[in-house]
Amino acid sequence: MSGGEVGGEGVFVAWEEQVICQERGNRVIHFYLKDASGNSVLAVVGTERSVRHMMYVVPDHFLQAYGSTQPINACKWRARREVVDWLTCLVSRNRSHHAVLVGHKGVSCTNTRKQQSLF
């Protein structure tokens, strides 16, 4: 896989969350996007900055590979809900080719809270 392509099409069909470290004060969570072939790509890394305060960021390698092909409107979040909304948006957009999330109170891929422009 290279050049922003996942499974040859750049289409994500699901996402999953994996807890890497559960140690209090040092929690690490990885969020992966999956393509139709079952390949996973690390899309977001969550690290605990202080007890019960997480910071979620999009890794540089994801930005380099998918930044021009996916709607990446933020690269840093403080709330898990915002990460979940973004991942769900990417999957929903690829399934339905619509920018608006169905069932997520009208939150669109281009209208997430606390956005930080990448460009």
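The values are calculated or read from the model by the stated rules, or taken from the named source; none is laboratory data. All figures in this text were calculated on a predicted structure; none of them were measured in a lab. Because the Cβ atoms are built from the backbone with ideal geometry, glycine has one as well, and the counts that use them run over all protein chains shown.
Of note:
- Subset of the range 71-109 that is more than 10 Å from the chain's Cα centre (by Cα) and either of a type in the set (D, E) or part of a helix (DSSP H, G or I) (or both) - its residue that is modelled with the lowest pLDDT: S96
- The residue of the range 28-47 that is nearest to V11 (Cα to Cα), among those that are free of Cβ contacts under 8 Å to residues at least 24 places away in the same chain and of a type outside the set (G, A, S), is K34.
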